[in-house]
1. Would you please name the residue that is surrounded by the fewest Cβ atoms within 10 Å (Cβ to Cβ), looking only at residues in the range 415-462 that are more than 11 Å from the chain's Cα centre (by Cα) and at positive phi?
2. Quick one: is Ala163 part of a helix (DSSP H, G or I) and either in contact with a strand residue (DSSP E or B) (Cβ under 7 Å, 6 or more places away or on another chain) or not aromatic (Phe, Trp, Tyr) (or both)?
3. Given Thr200, Thr248, which one is more than 21 Å from Met275 (Cα to Cα), of a type in the set (S, T, N, Q) and in a helix (DSSP H, G or I)?
4. Test Tyr467 against the criterion of being part of a helix (DSSP H, G or I), among the hydroxyl-bearing types (Ser, Thr, Tyr), free of Cβ contacts under 8 Å to residues at least 24 places away in the same chain and outside the structural domain of Gln250 (by TED's automatic domain parsing), and give yes or no.
5. Return yes or no: is Ala285 assigned to a strand (DSSP E or B), in the same structural domain as Gly239 (by TED's automatic domain parsing) and touching a strand residue (DSSP E or B) at 6+ places or on another chain (Cβ under 6 Å)?
6. Does any residue in the range 69-82 that is surrounded by fewer than 19 Cβ atoms within 10 Å (Cβ to Cβ) come within less than 7 Å, Cβ to Cβ, of a residue that is of a type in the set (A, V, I, L, M) and in a helix (DSSP H, G or I) six or more places away or on a different chain, and which pairs are these?
7. Just the residues that are assigned to a loop (DSSP other than H, G, I, E, B) and under 19 Å from the mean Cα position of the chain (by Cα), please, taken from the range 222-245.
8. Among the residues of the range 154-190, count how many are surrounded by fewer than 22 Cβ atoms within 10 Å (Cβ to Cβ) and within 21 Å of the chain's Cα centre (by Cα).
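The values are calculated or read from the model by the stated rules, or taken from the named source; none is laboratory data. Quick caveat: nothing in here was measured; it's all calculated off a predicted structure. As a convention, Cβ positions derive from the backbone with ideal geometry for all residues, glycine included, and neighbour counts pool all protein chains shown.
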Amino acid sequence: MSAETKISLAEKIKMARTVQPVWAAYPYRKRAAHLKKSAKYLGAHIDEITEIIHRENGKVKLDALAAEVLPAIMGIGYYIGQGKRFCSPRSISGGNLLMFNKQSRFIYKPYGVIGIISPWNYPFAIPFSEVVMALLAGNAVILKVASDTPGVGRALESVFGAAELPAGLFNYIEMPGKEAGPAFIEGGVDKLCFTGSTATGKELMALAAPKLLPLVLELGGADAAIICDDADLDRAARGVLWAGFSNTGQSCGGAQRILVHQRVYQPFLEKLCAMVKALKAGGDAELGPMTTLRQKAAVQRQIDACLAAGAKIAAQSGGEISSPEPGTEDRFLPAMVLTDVKPDMPVMTDEIFGPVVAVVPVKDDEEAVRIANASNYGLTGSVWSGNSRRAKRLAAAVNAGAVMINDHLMSHGLAETPWGGFGASGLGRTHGELGFREMLKTKVVVNDILPGVKKDLFWHPYTEKVYRGIRAITEVLGGQKAGSRLKALFGVLRIFFRYWEK
């Protein structure tokens with residue numbers, strides 16, 4: 001990293017730290033009023049922002065609009081409306097009648113300066129919600145988007161510039177991706193939110209450990225979709241098609257491992273293959289180019305490894321590429337359905353991050369769950385069934401942070417639902433109340449509400465009477481015989497008045 005970049009980032013963090021307490025002291029309605037200006041700006045520039053995302057990321061315009069701009073608009077409205085509740089103190093129910101005089105509540109405080117490092121696959125929607133939540137919670141923000149999509153970063157800068165925030169509160173910075181995490185940690189952010197690969201997430205954990213710096217890591221996935229024998233196969237095939245191939249398969253929560261009950265395996269496969277073959281590629285079609293040649297090459301290596309190990313291509317999209325953006329022609333990769341896959345193939349073990357799904361027959365629900373859970377990842381998953389009770393049972397058994405029934409991937413667009421996974425898929429949550437609270441430190445305030453109290457029952461001086469009284473309390477709470485517990489109540493009453501002894 002250049003000395004200039006280091007100085008620039010350090011200065012931005014310092015400035016943000018100076019202005020953040022002023023922002024945090026604003027009443028919530030004032031912070032929300034600023035963010036409403038961003039919402040208004042976003043609503044007035046829908047087509048412009050959609051075009052920027054399409055041009056920089058490569059995804060077709062409908063994907064840019066439906067999966068990035070629309071969720072951003074819904075998200076900012078939700079967080080502005082619900083943020084006050086998320087930030088407000090909350091009472092804690094008492095745990096035991098014998099501690100009736102202790103009244104507790106949660107109080108939430110902003111961390112200070114939140115660092116956000118976002119990816120290229122959803123370059124607008126992913127950082128947008130995180131920035132909104134961080135600001136509404138009273139934090140300052142340093143945002144770094146992927147180096148492959150800097151134009152989207154500048155669009156975000158314009159959106160939050162429209163909020164007329166205090167100078168230095170929100171900062172957009174451009175720097176090489178490999179340098180960003182270490183620079184943010186070294187620069188002294190109070191929390192870091194990172195979305196990207198599992199390998200980079202582990203590196204950031206190691207760097208953050210000496211500082212005990214809290215992290216939110218949204219990492220990879222190799223999601224399973226379970227197709228039951230009572231599923232609506234037309235809907236399931238269309239859902240898998242969208243979840244597997246929208247954004248050209250470059251979705252960490254996309255469908256990848258399609259586990260189909262053997263009774264409906266063949267008809268489902270035929271339906272899916274027919275839909276894949278009908279997909280049209282091009283800038284104004286259904287399947288856009290890969291975002292980078294680097295990613296296309298990585299996916300092609302994974303496909304080649306599967307084919308070399310015996311996998312078969314059951315179907316792939318084809319035809320001419322319609323109206324490709326200049327310079328994108330060599331980045332297109334056909335949508336592909338693989339069959340005859342084995343458990344150790346990349347399509348079953350790794351995150352593919354491209355337009356490839358594997359369709360696997362399973363003999364029953366138990367085998368489907370076993371294969372679904374035979375992964376280091378646990379980001380999302382889905383169950384497709386016409387039986388609600390069966391679907392809910394299977395969804396509960398799938399080891400993933402978010403499981404959808406008769407749908408897949410779209411929960412990322414629901415502002416109210418948390419996003420995040422288990423295992424190699426990361427730590428913490430974004431979105432929803434849980435994601436909002438990631439932007440807040442939680443403290444507990446315990447208040448003694450008994451009037452005129454001089455000391456607690458267990459305070460000094462220690463005496464035999466105090467011991468017998470505390471022993472009586474433990475007997476009431478944990479004794480195994482009703483008679484001895486009733487007898488112990490009298491011992492509790494004898495010590496009760498110690499509260500007021502001088």
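1. Out of the qualifying residues, it is Gly452.
2. Values: part of a helix (DSSP H, G or I): no; either in contact with a strand residue (DSSP E or B) (Cβ under 7 Å, 6 or more places away or on another chain) or not aromatic (Phe, Trp, Tyr) (or both): yes.
When the stated conditions are applied, Ala163 does not pass them.
3. Going through Thr200, Thr248 in turn, the sole match is Thr200.
4. Taking the combined requirement at face value, the residue satisfies it.
5. no
6. As it stands, the answer is Ile73/Leu42; Gly77/Ala39, since those pairs meet every condition given.
7. First, pick out the residues of the range 222-245 that are assigned to a loop (DSSP other than H, G, I, E, B): 222, 228-232.
Once the filter is applied, which keeps residues that are assigned to a loop (DSSP other than H, G, I, E, B) and under 19 Å from the mean Cα position of the chain (by Cα), the range 222-245 yields only Ala222.
8. Summing the residues that are surrounded by fewer than 22 Cβ atoms within 10 Å (Cβ to Cβ) and within 21 Å of the chain's Cα centre (by Cα) in the range 154-190 gives 3.
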